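Right, one structure below, let's go through it.
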């Protein structure tokens, strides 16, 4: 049980660190594509973010698989958590007005 929790936390931390770094890099590379609040409605930027977040989620799953002894169960738990948290974030940002 402890090893499973550690594996899932390691996956979440991996994804979070990579996502924060990727978002910061994206804002530096294409700063003009983001508004004052750090949001973008530019399709190429959103697609690039989708691609790198998919890769980062895969890396987080890989880290979870390396740490756990429970097979793919913990990777699926991480995937479920990612889905729920991404859904919650999108619901919270749904009514945001694009500039």
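The set of residues in the stretch 23-66 that are within 30 Å of residue 2 (Cβ to Cβ) and surrounded by 17 or more Cβ atoms within 10 Å (Cβ to Cβ) comprises 53, 56, 57, 60, 61, 63, 64. Can you confirm whether residue 45 is at pLDDT 95 or above and either closer than 19 Å to residue 89 by Cα or touching a helix residue (DSSP H, G or I) at 6+ places or on another chain (Cβ under 8 Å) (or both)? No, not satisfied.
Results for (1) within 19 Å of residue 20 (Cβ to Cβ); (2) modelled with pLDDT of 95 or more; (3) touching a helix residue (DSSP H, G or I) at 6+ places or on another chain (Cβ under 6 Å), shown as yes or no for each residue.
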{"residue": "39", "(1), (2), (3)": "yes, no, no"}
{"residue": "62", "(1), (2), (3)": "yes, yes, no"}
{"residue": "66", "(1), (2), (3)": "no, yes, no"}
{"residue": "69", "(1), (2), (3)": "no, no, yes"}
{"residue": "76", "(1), (2), (3)": "no, yes, no"}
{"residue": "80", "(1), (2), (3)": "no, yes, no"}
{"residue": "87", "(1), (2), (3)": "no, no, no"}
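Scanning the stretch 14-58 for residues that are in contact (Cβ under 8 Å) with a residue 40 or more places away in the chain and closer than 23 Å to residue 87 by Cβ turns up 14, 15, 18, 39, 41, 56, 57.
The values are calculated or read from the model by the stated rules, or taken from the named source; none is laboratory data. The model shown is predicted, which means the values in this text are computed figures rather than measured ones. As a convention, Cβ positions derive from the backbone with ideal geometry for all residues, glycine included, and neighbour counts pool all protein chains shown.
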